[in-house]
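Each remark here refers to the structure printed beneath this line.
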There are 2 protein chains.
Amino acid sequence: MHSDSQPAQWLADFHDALVARDKGRLQGLFLEDCYWRDFLAFTWNIVTLEGRGPIWDMLSERLDEVSPEKWRMESADISGDAVGAWFSFETAVGRGKGHLRLKDGRCWTLFTALRELKGHEEKRGPTRIAGAQHGVVKGRRVWLDGRNDDKAELGVSRQPYCLIVGGGQSGLALAARLKQLGVSTLIVDALPRPGDGWRRRYRSLCLHDPVWYDHMPYLPFPDNWPIYTPKDKMGDWLEAYASIMELDIWNATRCTHAAFDDASKRWTVEVERDGQTFTLQPAQLVLATGMAGVANRPVLKGQDRFRGIQHHSSEHKDGAAYAGKTCVIIGANNSAHDIAADLWENGASVTMIQRSPTLVVKSSALQRYGRPLYSEAAVAAGIDSDRADLIAASIPYRILPQFAKPTVARIRQDDADFYAQLGATGFMLTFGEDESGIGLMYPRRGAGYYIDVGASQLIIDGQIAVKSGVEIDHLTENAVVMADGTTLPADLIVYATGYGPMNDWAAQLISPAVAEQVGPCWGLGSDTAKDPGPWEGELRNMWKPTRQEALWFQGGNLQQARHFSLYTALQIKARMEGVPTPVYHAT
Amino acid sequence: MHSDSQPAQWLADFHDALVARDKGRLQGLFLEDCYWRDFLAFTWNIVTLEGRGPIWDMLSERLDEVSPEKWRMESADISGDAVGAWFSFETAVGRGKGHLRLKDGRCWTLFTALRELKGHEEKRGPTRIAGAQHGVVKGRRVWLDGRNDDKAELGVSRQPYCLIVGGGQSGLALAARLKQLGVSTLIVDALPRPGDGWRRRYRSLCLHDPVWYDHMPYLPFPDNWPIYTPKDKMGDWLEAYASIMELDIWNATRCTHAAFDDASKRWTVEVERDGQTFTLQPAQLVLATGMAGVANRPVLKGQDRFRGIQHHSSEHKDGAAYAGKTCVIIGANNSAHDIAADLWENGASVTMIQRSPTLVVKSSALQRYGRPLYSEAAVAAGIDSDRADLIAASIPYRILPQFAKPTVARIRQDDADFYAQLGATGFMLTFGEDESGIGLMYPRRGAGYYIDVGASQLIIDGQIAVKSGVEIDHLTENAVVMADGTTLPADLIVYATGYGPMNDWAAQLISPAVAEQVGPCWGLGSDTAKDPGPWEGELRNMWKPTRQEALWFQGGNLQQARHFSLYTALQIKARMEGVPTPVYHAT
C-alpha cells in the first residue's frame, strides 16, 4: 500500500504545485540531487534537467503553454531505496507517459515522454482502418492504385514532406512511423535493395545484440527468430519490413547535395537515380546515414608503396580469399576482432595492432547480466520492447554509471580468469574510465569495445597475434613497420579504424558551414576518452532539433531506431500540422 | 469455486477410469448425448466420436498405446448451463491441450488436440536457436550458405521429404510449420511470385474476413493492419512471409503428374520449371491447390455462337474495360456480387442470373455478431488467434447449429428491412436449410453465400438487375435467352459458377482412380443442399490421412490455413521420425 499511495500522492501534490505555479512547493517536492528527463512533452527537445534550479527555469518558461494535467499513476514498484511509479499525463497538445523515482517521498528522477499528438493519433488496434472501402463507389480507387500512384508520383510530380537519406534500420523505422502518422515520406538509399547495408558486410557478421533488443516498430520478430540475427537474414527482414510497411524508397539513388532555403522553408536536394538527376523539395531532411560517418582511413607513410591489398573494414567481405596469407588488422574493436576471427577461420595468419585499450565483454556475460530488460525473462514478465525502452529511458545518463558499475564488477569477477589470460597476452583492457562498462562506452563514443564471441580466446591461445601500445611507423612494400622496429609482414592490411563523426555527412551533403553550426553528433560530453566535455547529458543532435532548421539526425542500433523514431516522427508531424513546437534549450 | 472444482474433479475421475480401463465408470462420466472431438492425440485422425458407444470403442482400441496422463486443468468458465474448462495432458508421444463442457457434472463435449511431439518440440521463445555460431570455427558455414544450398540443391541433388503443390496461404502456412519442425519441404507453384494467387484476382477484391481471423502462423499482422486486407496487400504480405519464414518455393513451376510407389514409399512427381522437367521424389505429397477445384464452366447451347466476351469469374480482372457495356453474370454468390458491383462502378449495365437461393449476410452484421472470438474485443480479453482457434474447434459440428442459430435470428431481426427489400426484388434468399447461417454453410459446401459489402443495395435500388428462378435456355450471338423467353442482351458473360470439388486436382495430377479411392473433399455429410450424407462430422479428407497413403489435402480460408497446418505438420513430422501413427477410423 505504501509504495502505491506515495507516488500517487506525489503526483497529486505535483499537479497542485504546477497549477499554482508555486516555486517553493515544487522545489520541495524534489531532492536536491534530482533529474528530470523530458522527451518532447515539456521541451519539444530531448533533455535532462539536473537539479531544482534548471527544473524551475524550464517550468517557468514552459508551463503556461504545456498545461500539463491528468497525472494518473499506472503502477508502482520498489527498487533499492527508491519507490518507482509509472504514470500517464496530458499536455495541451498531446498525451504522455512517465516514470518517477522517489526517495524519502521526494523526487530523485522524473521522466516524461510525449507519446501521441491529440487529434493525430495513430490508427492501430481498435482504430485501425477498414482497408476495404465498403459500399459501391463509381470510379473506385483500390489499394494498389494508391501504392502505384505513390511510386510514380512521390518525388516526381508530388514532393514528400519529409526526405530521409539512408534506408537502414533508422531510416526505415522512422519512415514506418511517419507513414502511420500520415506524413508523406520518401527514403533515398544508395544501395540497390533494402537491407543491402547489412548484406554487403563481412560474411560472418551477426547482430551482437540479442533479438529482444532488436525489434522494429509495429512488427516484432516472430518468436522463432534466432537470438543473434545473421546479417543476410537481417537484410531480408528489413526488405520485407519495407514492403509490409508500404514505405516509399528510391534505391540505387545517391544524394549529392542539399541546401535549405530560409525564405521558402524547403530544402532543395539533388539526387541521382538511374543516371537521372532529380531535385527534391522536402520540408524536412533527415540524415539516417548511420551513426558512423565517413570511414576513417589513417594516413601512413609508405601506404602508396605497399603492394598487398589494403582496405577499410567496411569494404572487407570474406576471409576465404586469404587462406595462407599474412594479414595485419589495424584496430582492436568489434570489426577488427570479427574480421581477425574470419581470416583465421579461413587459414590466414593474423596480427591485430591495438592502439588504445579495448573494452572486452563476453557475449555470454552480456546475455546473463547485460540487458535484463531485453530477454526471454522480461518477455515472460510482461515487459515488451516498448515497456523496456521506457524503463531504459527513465534513467538519466548522469546517474547511469551507478546503475551500470555493479554489473561490470560482477562480470569482471565471473570472468576474472578470462581477463587475466587476455591481459597476459599484452592486450590492453579497459572497462571504461569509471568502470561503467559498455553501457556507457556506447553513448559516450559509439565504439571502443568488443563483444566477445570467440576471438579473444584465439588471442589468448596465440592464434591471433596482438601488437599493443606501439605506434605504426610506416609501411614497406610487404610489411607494416612499428615504431619499436618490429616488422609485421602483410599481404593484407585491414583498416578497422572506425568512422568519422556523423556530421561528416552534413558537411559532405550540405556544407562544412552547416556541419560546424550543427556541431558534433553523438556523445554525452562525459569528459572521458573520445567524449570531450562540456557535459550535455543527452546524445548530441540525435533525434532532436539541431541548430539547422528542419535538419535531423537518425542513427544508432536497432533499439534506438525503434524507440527514438517515435520522437523524431512526432516532432516532424507536429511541424507539418502547425502544432507549435518551441524548443527549450537548457542553459 | 464450484466452476473450478467440478471440471478438475471430472478430469481426475476420468484419468482414474482410463487407467482402470473401466468401461462402466467411463461411460458414467459422459452424458448420453456426448461428443469427443479429437485432433490426432488419441486417433492420429481428425474425428468426432458421437455418443458413449463410439467413445468406448475408440478407447478400447487406442488406450494402451496412447497412455494418456497428466490431465491438468488450466482454467474454467461457465457458459449457459455448461461448465467449461481448458486442460493440458500428455500421451506417450506428445503433449496436448483440450477443452471440456460439463452439464450436471457429466461430459457433454470433450475436445483433445495434440500440440507437439515429445523430443521434436519447436524451437521458439526460450528455446529459440542462437543464430550466430559463437566461437571460432575453421570452414565456418554461415546462414546465407545454408539458404543458398537449399535453393540450389533442394529438389535437384537432394529430395524434399515433403512436396507441397500450391503456394497460397495453405501451402505457405504448412511449409512454415514444417520448416520449424525440421522437415525438408519444397513448394511448387504455377504463378511467378508468392502472393500472385491473390494479386491476379479482380481488382476490388478484399478479404471478406477481418484481420483478427486471418493471421498466419508465427507472424501475426501488425496492429496497424487494416480490418479487411486488399488483395494486392495480401499478396505482398504472403511474399514477405515466405521470405521471412525462409520457405523454399519454386515459382512459375507447373506440376504435371504424380504417382506413388507402394514399394519405395516415395512419390514420383513431374514438374516443369523454366522449360525443364524435374522429377521430384518426396515421401509426402500435399495438394494445397485451394479448397476449390477446377473452374466450373457450364455447357450452354449456343456458347460457340456468342460473339461477346465470356469467361469464368476466376479470369475476370477489372471492370474498367466494360464501361457502357451490357453484362450478364451467371451465379449469385460472393464473386458474382463483387464482379457485378465492380462492373456497375465502371459504368456497365449488369444483370445477375440467380439459379438457387443465396445466403446473404451484411459484412457489418458479421462484424457485430459473427466472429466474437476474432475481434478487437477478444484481443483485449487476452484471446489471441491461437486460443480463439481452439475455442472454435471445441464445438463439434453436430451441435454447432444450436450455437449458430440464435446469431442468425438476431441478424435477421436487425436487418429485417434489408432482407424484406432484397426479397422484394425477386432475389431468392436462404439462411441455410436449418437456419444455421454462413457458419455452417461454409463447412457444408464452401459456397452459396454473399457477405454483403454493398452490392445488395444496388440490387434493391434496381441498379443491378436480377433474374431469379429461371433456367438459361441458350445463348445467341449477343444475348442470353432464358427458359421463360426473356432475352438478356450481353457484351460480356461472366460464369460465376464456382469450382469443382478439390479432388479434381487429385484426378488431374495423379489419376481418376486415386481421386475416386480418396473420395470427395470438404463437406460434413449434413444431408443439406450440395452436402449429401452420410454424416461425417468433420470436413472430409481435409488435414488428415486420406485413403491414399502419403497424400494430403490443405485448403480453406486463412483461419484454417493457420490452425490446421499445425496438425498436418505434426502428422507429417511423426511419419518422418518413425513415430507410430495408427489411424483410427470411427465406424
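Dipole orientation for the stretch B:357-472: of the candidates B:F418, B:S468, B:P396, B:P396 has the Cα lying most toward the positive pole (charges on Cβ; Lys, Arg +1; Asp, Glu -1). Other residues within the sphere of radius under 13 Å centred on the Cβ of B:W212, judged by their own Cβ, net out at -3 (K and R +1, D and E -1). In percent, rounded to a whole number, the relative contact order of the stretch B:394-544 is 19, using alpha-carbon pairs under 8 Å and six or more apart. Legend: helices of chain B (whole DSSP H runs) are marked when their alpha-carbon atoms reach 18 angstrom or more along the helix axis and their mean Kyte-Doolittle hydropathy is at least -0.5; marked are B:2-19, B:558-577. Across the copies of the chain, A:E577 has label points (7 Å from Cα along Cα→Cβ) spaced 5.2 nm apart, shortest distance listed first. Pairwise Cα separations in the stretch B:143-212 fall into 10 Å bins from 0 onward with the following percentages, short to long: 18, 41, 28, 13, 1. Step through the table entries A:K233/B:K231; A:K231/A:K317; A:K325/A:K362; B:K233/B:K317; A:K151/B:K233, compare each Cα-Cα distance with 18 Å, and write down the pairs that go over it. Exceeds cut-off: A:K233/B:K231; A:K325/A:K362.
In the full protein context, the protein assembly as shown carries 38 Å² of accessible surface per residue, based on a 1.4 Å probe and ignoring ligands, DNA and RNA.
Per residue of B:235-243, other chain Cβ atoms within 10 Å of the residue Cβ number 4 on average. The order of the peptides B:335-347, A:19-31, A:368-380 by mean Cβ neighbours within 10 Å, most packed first, is B:335-347, A:368-380, A:19-31. For the pair B:Q517 and A:I129, label points projected 7 Å from Cα toward Cβ lie 5.2 nm apart. Here the stretch A:174-232 has an Rg and Dmax of 13.8, 39 Å, counting Cα atoms alone. What is the stretch A:15-80's relative contact order, in percent, from Cα pairs under 8 angstrom and six or more apart in sequence? Rounded, it is 28 percent for the stretch A:15-80. The share of C-alpha pairs in the stretch B:320-467 whose separation exceeds 27 Å stands at 30 percent. Remark: C-alpha extents of the stretch B:59-148 on the principal axes read 67, 32, 23 Å, sorted largest to smallest. Using every pair of separate Cα atoms, the Kirkwood estimate puts the hydrodynamic radius of the stretch B:1-54 at 12.3 angstrom.
The DSSP beta bridges internal to the stretch B:86-239 are antiparallel in roughly 75% of cases. For the charge dipole of the stretch A:151-255, defined by +1 on Lys and Arg C-beta atoms and -1 on Asp and Glu C-beta atoms about the Cα centroid, which residue among A:Y202, A:P230, A:G182 has the Cα displaced farthest towards the positive pole? About the Cα centre, the residue reaching furthest to the positive side is A:Y202. The antiparallel fraction among DSSP beta bridges confined to the protein assembly as shown stands at about 55%.
Computed from the C-beta positions of B:A381 and A:E270, the FRET efficiency with R₀ = 56 Å rounds to 0.55. Across q = 0.08 Å⁻¹, the protein assembly as shown modelled as identical point scatterers on its alpha-carbon atoms has Debye log10 I(q)/I(0) values of -1.05, in the order of the q list. Among beta bridges from DSSP that stay inside chain B, the antiparallel ones total about 55%.
Per residue of A:217-223, other chain Cβ atoms within 10 Å of the residue Cβ number 6 on average. Around the Cα centre of the stretch B:1-60, unit charges on the Cβ atoms of Lys, Arg, Asp and Glu (plus for the first two, minus for the last two) sum to a dipole of about 140 debye.
Closest approach of a chain A Cβ to the axis relating A and B (residue, whole Å): A:A240, 2. Working note: 222 nm ellipticity from helices only, DSSP H runs with n ≥ 4, each -39,500 (n - 2.57), summed and divided by the residues of the protein assembly as shown, gives -9000 deg cm²/dmol to the nearest 500. The simple spin-label model puts a point 7 Å past each Cα toward its Cβ; for A:K118 and A:R254 those points are separated by 5.0 nm. Inter-copy label distances for A:D461: 7.8 nm (label point placed 7 Å from Cα along Cα→Cβ; shortest first). The contact between chain B and chain A removes approximately 5000 Å² from the accessible area (both sides summed; 1.4 Å probe; ligands, DNA and RNA excluded). Think of each Lys and Arg Cβ as +1 and each Asp and Glu Cβ as -1; about the Cα centre, that makes the dipole of the stretch A:206-332 roughly 800 debye.
Could you list log10 I(q)/I(0) for the stretch A:422-479 at q = 0.12, 0.16, 0.21 Å⁻¹, which the Debye formula gives when each Cα is one point scatterer? Log-scaled intensity ratios, in q order: -0.41, -0.69, -0.97. In this Cβ point-charge picture (+1 for Lys and Arg, -1 for Asp and Glu), chain A has a dipole of about 1000 debye about its Cα centre. Using only the Cα atoms of chain A, build the gyration tensor, take square roots of its eigenvalues as a ≥ b ≥ c, and label the shape rounded, prolate or oblate: rounded if a/c is under 1.5, else prolate if a/b is larger than b/c, else oblate. Oblate, since a/c reaches 1.5 and b/c is not below a/b. Cα centroids of the stretch B:56-79 and the stretch A:524-549: how far apart, whole angstrom? If you average the Cα positions of each part, the centres end up 64 Å apart.
Nonpolar atom fraction for the stretch A:150-256, defined as the carbon and sulfur part of the 1.4 Å probe accessible area, stands at 50 percent. Placing a label point 7 Å from Cα along the Cα-to-Cβ direction at A:E65 gives distances to the equivalent points in the other copies of 7.6 nm, listed shortest first. For the stretch B:104-126 and the stretch B:157-184, what is the separation of their C-alpha centers, rounded to whole Å? Between the Cα centres of the stretch B:104-126 and the stretch B:157-184 lies a distance of 23 Å.
Quick one: compute the contact order of chain B, relative version, from alpha carbon pairs under 8 angstrom and 6+ residues apart, as a percent. Taking the mean separation of contacting Cα pairs over the length of chain B, I get 17 percent. Of all the C-alpha pairs in the stretch A:357-414, what % are more than 14 Å from each other? Of the Cα pairs, 62 percent sit more than 14 Å apart. A protection proxy built from the mean count of other Cβ atoms within 10 Å ranks the segments B:257-268, A:239-250, most packed first, as A:239-250, B:257-268.
Both numbers refer to the Cα atoms of the stretch B:510-587; Rg and Dmax are 13.6, 42 Å. Net charge of the neighbourhood of A:P226, taken over other residues with C-beta under 10 Å away and scored Lys/Arg +1, Asp/Glu -1, is +3. Can you classify the stretch B:235-306 as rounded, prolate or oblate using the Cα gyration tensor, where a ≥ b ≥ c are the square roots of its eigenvalues, rounded means a/c under 1.5, and otherwise it's prolate if a/b beats b/c and oblate if not? Oblate, since a/c reaches 1.5 and b/c is not below a/b. Work out, in µm²/s and without decimals, the Stokes-Einstein translational diffusion coefficient of the stretch A:316-362 at 25 °C, 0.890 mPa s, Rh from Kirkwood over C-alpha pairs. Value of D from the Cα-based Kirkwood radius: 226 µm²/s. Between the stretch A:397-446 and the stretch B:295-356, the C-alpha centres lie 73 angstrom from each other.
Sorted on the mean count of surrounding Cβ atoms within 10 Å across their residues, most packed first, peptides B:351-361, A:35-45, B:50-60, B:121-131 read A:35-45, B:351-361, B:50-60, B:121-131. Computing FRET efficiency as 1/(1 + (r/R0)^6) for A:I309 and A:M482, where r is the C-beta to C-beta distance and R0 is 30 Å, gives about 0.90. Among the residues of A:140-146, the average count of other protein chain beta-carbon atoms within 10 Å of the residue beta-carbon is 6.
Let a ≥ b ≥ c be the square roots of the eigenvalues of the Cα gyration tensor of the stretch A:90-248; is it rounded (a/c under 1.5), or, if not, prolate (a/b larger than b/c) or oblate? Oblate shape, in that a/c is at least 1.5 and b/c is the bigger or equal ratio. Of the residues A:I572, A:L488, A:Q517, the one whose Cα sits farthest toward the positive end of the charge dipole of the stretch A:488-578, with +1 on the Cβ of Lys and Arg and -1 on the Cβ of Asp and Glu, is A:I572. Within straight-line reach of A:K301, meaning a Cα separation under 19 Å, sit the following aspartates and glutamates at least 8 residues removed in sequence or on another chain: A:E471, A:D473, A:E477, A:D484, A:D491.
The values are calculated or read from the model by the stated rules, or taken from the named source; none is laboratory data. Since we're looking at a predicted model, the values are computed, not measured. Cβ: placed from backbone, ideal geometry, glycine included. Neighbour counts: every protein chain shown. Note: areas computed on protein heavy atoms with side chains; ligands, DNA, RNA excluded. Shrake-Rupley method; radii C 1.70, N 1.55, O 1.52, S 1.80 Å.
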